[in-house]
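Scroll down for the structure; my scribbles are underneath it.
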Amino acid sequence: MFASVRRCRSLETGEVFAAKFSSRMRYGEDCTKEIHHEIALLSLCSPSPRIVRLHDVFQTPNMFIIVMEYAPGGDMQTIIDDNLVPFESDVVKFVQNVVEGLAYLHHRKIAHLDIKVSLLFYC
């Protein structure tokens, strides 16, 4: 397992978050540096309304737990897999949001090298 994402809830506030569990080891290689890079990028992008916000990070000897904003609408891959057909106006707005998010990244001199429907979320 490399990473999995689970919904979680703060015991203090009741707020819902997404917790990404990232294994430190992948194919026998230590990926701590790459995970730190992902955390740093999320931290840099947190003020954007089009990119999920980083809330907290926890570490265990074997993994990182990255706590982020929860996207209750799910991801585009699930919508496609479930054969759900969104309204054209919703698709237009969704694509506009994706383009705005990418423009924000490019403005900050960040290139997203892994854009795919499973990484695009409805918030």
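With the condition kept exactly as written, say whether any residue in region 105-118 is among the aliphatic types (A, V, I, L, M), under 16 Å from Leu44 (Cα atoms) and part of a loop (DSSP other than H, G, I, E, B).
yes
Would you please name the residue that is modelled with the lowest pLDDT, looking only at residues in region 69-84 that are more than 17 Å from Ala3 (Cβ to Cβ) and surrounded by 16 or more Cβ atoms within 10 Å (Cβ to Cβ)?
Out of the qualifying residues, it is Ile79.
Within region 54-93, can you find the residues that are among the hydrophobic types (A, V, I, L, M, F, W, C) and farther than 23 Å from Ser10 by Cα?
Selection gives Met76, Ile79, Ile80, Leu84, Val85, Phe87, Val91, Val92.
Does Ile66 fit the bill of being touching a residue at least 24 places away in the same chain (Cβ under 8 Å), out of contact with any helix residue (DSSP H, G or I) (no Cβ under 6 Å at 6 or more places or on another chain), surrounded by 11 or more Cβ atoms within 10 Å (Cβ to Cβ) and not in a loop (DSSP other than H, G, I, E, B)?
Against the criterion (touching a residue at least 24 places away in the same chain (Cβ under 8 Å), out of contact with any helix residue (DSSP H, G or I) (no Cβ under 6 Å at 6 or more places or on another chain), surrounded by 11 or more Cβ atoms within 10 Å (Cβ to Cβ) and not in a loop (DSSP other than H, G, I, E, B)), Ile66 qualifies.
Mind listing whichever residues of region 18-47 are over 11 Å from the mean Cα position of the chain (by Cα), in contact (Cβ under 8 Å) with a residue 40 or more places away in the chain and over 21 Å from Leu113 (Cβ atoms)?
Phe21, Arg24
Take Ser22 and tell me if it is polar (S, T, N, Q), more than 22 Å from Val98 (Cα to Cα) and not in a loop (DSSP other than H, G, I, E, B).
Yes: the conditions hold for Ser22.
Mind listing whichever residues of region 48-63 are within 13 Å of Val5 (Cβ to Cβ) and part of a loop (DSSP other than H, G, I, E, B)?
The one that is within 13 Å of Val5 (Cβ to Cβ) and part of a loop (DSSP other than H, G, I, E, B): Val52.
Of all residues being surrounded by 13 or more Cβ atoms within 10 Å (Cβ to Cβ) and among the polar types (S, T, N, Q) in region 1-31, which is farthest from Glu69 (Cα to Cα)? Just the residue, please.
Checked region 1-31; the qualifying residue farthest from Glu69 (Cα to Cα) is Ser23.
Do any residues in region 81-99 that are within 15 Å of Phe121 (Cβ to Cβ) and of a type in the set (S, T, N, Q) have Cβ atoms under 8 Å from those of residues that are surrounded by 11 or more Cβ atoms within 10 Å (Cβ to Cβ) and at pLDDT 90 or above, where the two are at least six apart or on different chains, and which pairs are they?
Qualifying pairs under 8 Å: Asn97/Arg50.
Only one of (1) modelled with pLDDT under 90; (2) within 22 Å of His112 (Cβ to Cβ); (3) among the hydrophobic types (A, V, I, L, M, F, W, C); (4) over 15 Å from the mean Cα position of the chain (by Cα) fails for Phe2. Which number is that?
(4)
The values are calculated or read from the model by the stated rules, or taken from the named source; none is laboratory data. As the structure is a computational prediction, the values presented were derived from the model and not from experiment. Quick reminder, even Gly has a Cβ in these numbers, built from the backbone with ideal geometry, and neighbours come from all protein chains shown.
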